[in-house]
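Undergrad: Below is the structure I would like to discuss, written out as structure tokens.
The values are calculated or read from the model by the stated rules, or taken from the named source; none is laboratory data. Treat the numbers as computed from the prediction; the structure is a model and nothing was measured. Glycine also receives a Cβ, built like all others from the backbone with ideal geometry; neighbour counts cover every protein chain displayed. Keep in mind that these areas ignore ligands, DNA and RNA; they rest on the heavy atoms of the full protein, side chains included. Shrake-Rupley method; radii C 1.70, N 1.55, O 1.52, S 1.80 Å.
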Amino acid sequence: QVIKCKAAVMWEANKPFSIEEVEVAPPKAHEVRMKVVATGICRSDDHVVTGGLVMPFPIILGHEAAGIVESVGQGVTSIKPGDKVIPLFVPQCGECNSCLSTKSNLCSKNDIGSRAGLMPDGTTRFTCKGKAIHHFLGTSTFTEYTVVHESAVAKIDSAAPLEKVCLIGCGFSTGYGAAVQTAKVEPGSTCAIFGLGGVGLSVVMGCKAAGAARIIAVDINSDKFAKAKELGATDCVNPKDFKKPIHEVLMEMTGHGVDYSFEVIGRTETMAAALACCQYNYGVSVIVGVPPAAQKITFDPMLLFTGRTWKGSVFGGWKSKDSVPKLVADYMKKKFVLDPLITHTLPFTKINEGFDLLRTGK
């Protein structure tokens with residue numbers, strides 16, 4: 001059965017979302033159709049709007065959500081209608097070399113690299129006004145119903161509040177995991193976090209959970225500092241308050257640089273500053289923000305020659321299908337909080353206002 005429902009369609013770049021009636025096709029073999037109950041707004045969605053992340057249009061964006069399974073395609077055994085689920089923008093097929101390795105989590109079936117905007121079989125499940133609409137990262141959650149591949153959805157605790165745990169679909173897991181999984185922050189260490197949006201604040205929480213002694217939060221918007229402190233930041237620094245480059249400020253504050261730094265913005269200048277501010281021999285710097293399209297980075301190779309480690313982290317290094325249900329269980333056991341990351345709750349039709357709030361740093 002085709003479902004007709006509302007979706008926020010992005011017809012072209014740099015235009016507002018358009019609330020349209022779309023047709024959502026039934027799930028094919030090994031696919032799941034779900035009702036989206038709650039979805040978060042993430043800067044990565046906005047990067048597509050502005051052209052920083054190049055995807056084909058028209059497209060239904062959104063990749064951080066939670067919902068309820070409506071129907072399943074042939075061969076789906078792990079999930080049934082009525083189950084509460086979180087869609088996974090990093091799938092876990094269980095068969096590729098990334099899935100089989102204990103060192104990696106970026107399943108080769110992901111659509112982050114290819115950016116085809118299609119289901120794994122190369123087709124789409126969305127139509128609007130007779131036109132095929134592209135999927136986003138295999139999830140597309142800015143719609144009342146979506147179709148995802150079985151490898152890109154995790155069944156979660158039926159008691160979990162969907163309007164909160166939807167953040168485990170991207171923002172929280174990405175930031176928290178960058179600290180505890182990718183960097184493996186150690187007790188007593190010093191950390192610097194560049195960018196205090198939802199993901200940056202989740203890195204702060206991860207550093208605190210890992211036992212970091214000093215957590216330096218860096219942002220050009222000082223309005224973000226109160227919440228960063230509430231979640232564990234020990235120092236807050238606004239680069240605009242200094243004449244000298246921010247990495248020099250951090251070097252002076254710590255005496256030798258930080259043990260771990262995290263770039264959670266997606267700007268090449270801050271990536272370079274985050275690398276430069278960590279200890280010259282054993283410092284580790286992690287890129288968490290999505291790098292802008294067609295931009296290159298230039299840096300002094302001596303920064304790495306002396307021993308620093310520079311690494312990236314997608315979805316916090318978690319193997320998605322295995323880890324998301326466990327993270328939801330940890331939330332239910334109150335091992336971490338999600339409420340402080342939720343600033344506004346809006347009806348779906350006000351999605352453009354939501355993006356305005358994101359863009360103005362509110």
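Undergrad: With charges set only on the Cβ (+1 for Lys and Arg, -1 for Asp and Glu), what does the dipole of the range 183-312 come to about its Cα centre, in debye to the nearest 20?
TA: Its charge dipole is roughly 180 debye.
Undergrad: Determine the principal axes of the Cα atoms in the range 245-294, then give the extent along each, sorted from largest to smallest and rounded to whole angstroms.
TA: Principal extents (largest minus smallest coordinate, Cα): 35, 21, 14 Å.
Undergrad: Okay, next question. For the range 291-328, list residues with backbone N below 15 Å from a point placed 7 Å from the Cα of GLU269 toward its Cβ?
TA: Label zone hits: 292, 296-298.
Undergrad: Taking chymotrypsin sites (Phe, Trp or Tyr not before Pro) as exposed when DSSP calls them loop (any state but H, G, I, E, B) and at most 16 other Cβ atoms lie within 10 Å, what is the longest stretch of the chain free of them, the sites themselves excluded?
TA: That would be 12-241.
Undergrad: Got a sec? Charge dipole of the chain, +1 on Cβ for Lys and Arg, -1 for Asp and Glu; which of HIS47, SER323, PRO81 is way out at the positive end?
TA: It is PRO81, whose Cα lies furthest towards the positive end.
Undergrad: Take the alpha carbon atoms of the range 274-317, find their radius of gyration, then divide it by 2.2 N^0.38 Å using N residues; give the quotient.
TA: That works out to 1.23 for the range 274-317.
Undergrad: Test of the criteria: in the range 79-186, which GluC sites (Glu not before Pro) are in a DSSP loop and have at most 12 other Cβ atoms within 10 angstrom of their Cβ? Intermediate values should be presented prior to the final figure.
TA: Numbers: sites: GLU95, GLU144, GLU150, GLU163; in loops: GLU95, GLU144.
Filter output for the range 79-186: GLU95.
Undergrad: Hey, can you find the accessible area per residue of the chain for me, probe 1.4 Å, expressed in square angstrom?
TA: That works out to 43 Å² per residue.
Undergrad: When the accessible area of the range 52-186 is split by element with a 1.4 Å probe, what percent falls to carbon and sulfur? Intermediate results must be reported in sequence, preceding the final value.
TA: Working: 2640 of 4930 Å².
Carbon plus sulfur share of accessible area: 53 percent.
Undergrad: Could you give me the ³J(HN,Hα) list for the range 14-22, computed from phi with Karplus coefficients 6.51, -1.76, 1.60 and θ = phi - 60°, whole Hz, x at Gly and Pro?
TA: Calculated HN-Hα couplings, in order: 6, 10, x, 5, 10, 7, 10, 8, 10 Hz.
Undergrad: Using the Cα gyration tensor of the range 238-362, with a ≥ b ≥ c the square roots of its eigenvalues, what is the shape: rounded (a/c below 1.5), prolate (a/b larger than b/c) or oblate (neither)? Numbers along the way, then the final one.
TA: Details: a/c = 1.96, a/b = 1.50, b/c = 1.31.
Prolate, because a/c is 1.5 or more and a/b exceeds b/c.
Undergrad: If R₀ is 25 angstrom, what is the calculated FRET efficiency for the pair ARG359 and ARG115, using the beta carbon separation as r and rounding to 0.05?
TA: With a Förster radius of 25 Å, E is 0.65.
Undergrad: Run the dipole for the chain about the Cα centre, Lys and Arg Cβ at +1, Asp and Glu Cβ at -1, nothing else charged, and hand back the magnitude in debye, nearest 20.
TA: In total the dipole reaches around 280 debye.
Undergrad: Which one, PHE225, ILE168, MET253, projects farthest toward the positive side of the charge dipole computed for the chain from Cβ point charges (K/R +1, D/E -1)?
TA: ILE168
Undergrad: On to the next question. Net charge near LEU61, counting Lys/Arg +1 and Asp/Glu -1 over other residues with Cβ under 14 Å of its Cβ?
TA: Numbers: positive: LYS15, ARG43, ARG115; negative: GLU12, GLU20, ASP45, ASP46, GLU64, ASP111.
Combined, the nearby Lys, Arg, Asp and Glu give -3.
Undergrad: OK, next. Extending each Cα 7 Å along its Cβ direction at THR50 and ASP339, get the distance between those two points in nm, one decimal.
TA: 3.2
Undergrad: Considering only DSSP beta bridges where both residues belong to the chain, give the percentage that are antiparallel (nearest 5).
TA: On the way: 31 of 53 bridges.
Within the chain, antiparallel bridges account for around 60 percent of the total.
Undergrad: Report the FRET efficiency, 1/(1 + (r/R0)^6), for GLU21 and ASN281, where r is their Cβ-Cβ distance and R0 is 51 Å, rounded to 0.05.
TA: 0.30
Undergrad: A further question follows. What trypsin sites (Lys or Arg not before Pro) in the range 250-356 are in a loop by DSSP, with at most 10 other Cβ atoms within 10 Å of the Cβ?
TA: When the trypsin sites (Lys or Arg not before Pro) of the range 250-356 are filtered for loop state and at most 10 Cβ neighbours within 10 Å, LYS296, LYS333, LYS334, LYS335 remain.
Undergrad: Which entries in LYS229/LYS333; LYS80/LYS335; LYS333/LYS362; LYS6/LYS296; LYS6/LYS362; LYS164/LYS311 show an alpha-carbon gap greater than 31 Å? Please report the intermediate quantities before stating the final value.
TA: Values: LYS229/LYS333 23 Å; LYS80/LYS335 28 Å; LYS333/LYS362 29 Å; LYS6/LYS296 39 Å; LYS6/LYS362 26 Å; LYS164/LYS311 29 Å.
In this structure, LYS6/LYS296 exceed 31 Å between Cα atoms.
Undergrad: What FRET efficiency comes out for the pair HIS256/GLN1, r = Cβ-Cβ distance, R0 = 51 Å, nearest 0.05?
TA: 0.20
Undergrad: For GLU248 and PHE348, compute 0.36 nm times the residue count separating them, minus their Cα-Cα distance, and round to one decimal in nm.
TA: Contour length minus Cα-Cα distance gives 31.6 nm.
Undergrad: Still on this structure, please answer the following. Give the Cα extents of the chain along the principal axes, in whole Å, largest first.
TA: Between the extreme Cα coordinates on each principal axis of the chain lie 64, 39, 36 Å.
Undergrad: Could you compute the net charge surrounding ARG33? Neighbours are other residues with a C-beta less than 14 Å from the C-beta of ARG33; K and R count +1, D and E count -1.
TA: Working: positive: LYS4, LYS28, LYS35, LYS80, ARG125; negative: GLU23, GLU31, GLU70, ASP83, GLU144, GLU150.
Taking every Cβ under 14 Å from that of ARG33, the sum is -1.
Undergrad: Considering the range 183-312, what Rg and Dmax in Å follow from its alpha-carbon atoms?
TA: 13.3, 38
Undergrad: Show that you can apply the helix-only estimate: for the chain, add -39,500 (n - 2.57) for every DSSP H stretch of four or more residues, divide by all residues, and state [θ] at 222 nm to the nearest 500.
TA: -6000 deg cm²/dmol
Undergrad: Oh, and also: I want to check the label-to-label distance for ASP157 and THR77. Put each point 7 Å from Cα in the C-beta direction and report it in nm to one decimal.
TA: 2.8
Undergrad: Given the options LEU338, LEU196, LEU100, state which has the largest fluctuation in a GNM of the chain using a 10 Å cut-off (strictly under) for Cα springs.
TA: Result for the chain, Cα springs under 10 Å: LEU100 fluctuates most.
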